[in-house]
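Trainee: The structure is given below, and queries will be raised subsequently.
The values are calculated or read from the model by the stated rules, or taken from the named source; none is laboratory data. Note that the coordinates shown come from a computational prediction; the quantities given were computed from them, not determined experimentally. Don't worry about glycine lacking a Cβ; one is built from the backbone with ideal geometry, like all the others, and counts go over all protein chains shown.
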Amino acid sequence: MRQDEVQRQHDEQLIRRQEEELRRQEMQEEFERRQKSMKKKKQEEELKRKRAEEELKRQREEEEQRKKQEEESKRRKEEEEERRKRREEEEEKKMEDMAKREDEKKKRSEVELRDKEEKENLEKYREEEDLKKADQEEIPQKRLKSEEDEKRQELEQRLVTTIEDRAREEAIEPKEEEKLDGQVEEEKREQEELLKQQKEEEQRRIREEKKMQLQLEELKAHWTSQQEVMLRMQEEALQQQIEERRYEDQWESRQFQQLQLQIEGRKPEAEKKLEQRQTTERKRGRKRKEGRVEIRMHEAESPKREQQLQQSQLADGVTGFYIKIVVRQEGRANLVWLFKTHKF
């Protein structure tokens, strides 16, 4: 009986060592699996972070593109304004040139008229002077008459020449006036065309500004709503990551403590209590078994049967055999029971 007790204790120690070794192996495998899972999650987080950075970069590029478009629109407006000012200045300059030409034409005609009057007055003055000299010197009548005839002929010749010159001038002046009038009409038409083009360009510029302003407002509204949605999604994702990370840290802390205890050869408090309870129950069961008395009634057996039983009891010194029961649990260590049977 003492030998059986020693053998039983030895078997229990062996079973406990095997159980501890199995637990260590399972904890090591679980630890490695968790390490791989953590590494995978870190890679996923890194990928999410890169995607978030790319999204922020894309948003910045869109913002820069929008600013460039606004600057380009502003630059086009300034250039259009400068062109409009230049056109106005050119038109004003043309009007001034036309006014100057009109003034010069008027002044030229006045000068010509004044020169003509001065020439006529000078001729009259000379004639009067000649007459006075003739009277004072008492020129002979014949000579005076011939001189008068010459003067009259000369005066007639001058008058004819003057009339012809005036006729030529009058014939030339209408042509020049017609030419100037044609130039004035042409300049007026050009000015009207320029004013018409300027009005059309001004209207087109106003339409383009309104269209661009509307597009800019739509882009700002769309950008604001999209930015709000992105920020809200990023906040939710970050909050979820924080919660998952907190839960993983807690779980890993517990697993690390259990693994540390297993490596050090100790057991967690829960497993210690469970093992103590199982040991107590086994001791109580043995005591009840040892304290139980079972009386069996047997009929007389034949000598041959009794001899066979004795031979089977003494064969090879066999006193019993073991029964091992293993219960696998998901996420926890396996439960192992080892039972030994005895022959009486």
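Trainee: Could you check residue 9 against (1) under 29 Å from residue 215 (Cα atoms); (2) over 31 Å from the mean Cα position of the chain (by Cα) and say which number it fails?
Mentor: Result: residue 9 passes all but (1).
Trainee: Somewhere in segment 90-104, is a residue at pLDDT 80 or above and within 26 Å of residue 162 (Cα to Cα)? First the steps, then the outcome.
Mentor: Let us first name the residues in segment 90-104 that are at pLDDT 80 or above, namely 90-104.
Retained after the next criterion (residues that are within 26 Å of residue 162 (Cα to Cα)): 104.
Among the residues of segment 90-104, at least one is at pLDDT 80 or above and within 26 Å of residue 162 (Cα to Cα), which makes the answer yes.
Trainee: While we're on this one: Looking only at segment 226-285, which residues are modelled with pLDDT of 75 or more and of a type in the set (Phe, Trp, Tyr)?
Mentor: Listed by number, the residues that qualify are 247, 251.
Trainee: Against the definition (exposed (fewer than 12 other Cβ atoms within 10 Å of the Cβ) and free of Cβ contacts under 8 Å to residues at least 12 places away in the same chain), how does residue 43 come out, yes or no?
Mentor: Criteria met by residue 43.
Trainee: Turning to a different aspect of this structure: Looking at segment 223-234, can you tell me whether even one residue there is assigned to a helix (DSSP H, G or I) and over 30 Å from residue 52 (Cα atoms)?
Mentor: Within segment 223-234, not a single residue is assigned to a helix (DSSP H, G or I) and over 30 Å from residue 52 (Cα atoms).
Trainee: Scan segment 54-63 and give yes if some residue there is farther than 23 Å from residue 218 by Cα and not polar (S, T, N, Q), otherwise no.
Mentor: yes
Trainee: Something else about it: Could you check, for segment 21-29, whether at least one of its residues is surrounded by 10 or more Cβ atoms within 10 Å (Cβ to Cβ), in contact (Cβ under 8 Å) with a residue 60 or more places away in the chain, touching a strand residue (DSSP E or B) at 6+ places or on another chain (Cβ under 8 Å) and over 30 Å from residue 229 (Cβ atoms)?
Mentor: yes
Trainee: Next question. Would you confirm whether any residue within segment 42-53 is part of a helix (DSSP H, G or I), farther than 30 Å from residue 210 by Cβ, over 25 Å from the mean Cα position of the chain (by Cα) and not charged (D, E, K, R)? Steps first, please.
Mentor: Restricting attention to segment 42-53, the residues satisfying the condition of being part of a helix (DSSP H, G or I) are 42-53.
Checking which are farther than 30 Å from residue 210 by Cβ leaves us with 42-53.
Imposing the further condition that a residue be over 25 Å from the mean Cα position of the chain (by Cα) reduces the set to 42-43.
Then drop every residue that is not not charged (D, E, K, R), which leaves 43.
Within segment 42-53 (the criterion being part of a helix (DSSP H, G or I), farther than 30 Å from residue 210 by Cβ, over 25 Å from the mean Cα position of the chain (by Cα) and not charged (D, E, K, R)), the answer is yes, since at least one residue qualifies.
Trainee: Oh, and also: Which condition from (1) in contact with a helix residue (DSSP H, G or I) (Cβ under 9 Å, 6 or more places away or on another chain); (2) within 30 Å of residue 205 (Cα to Cα) is the one that residue 112 breaks?
Mentor: Looking at each condition in turn, residue 112 falls short on (2).
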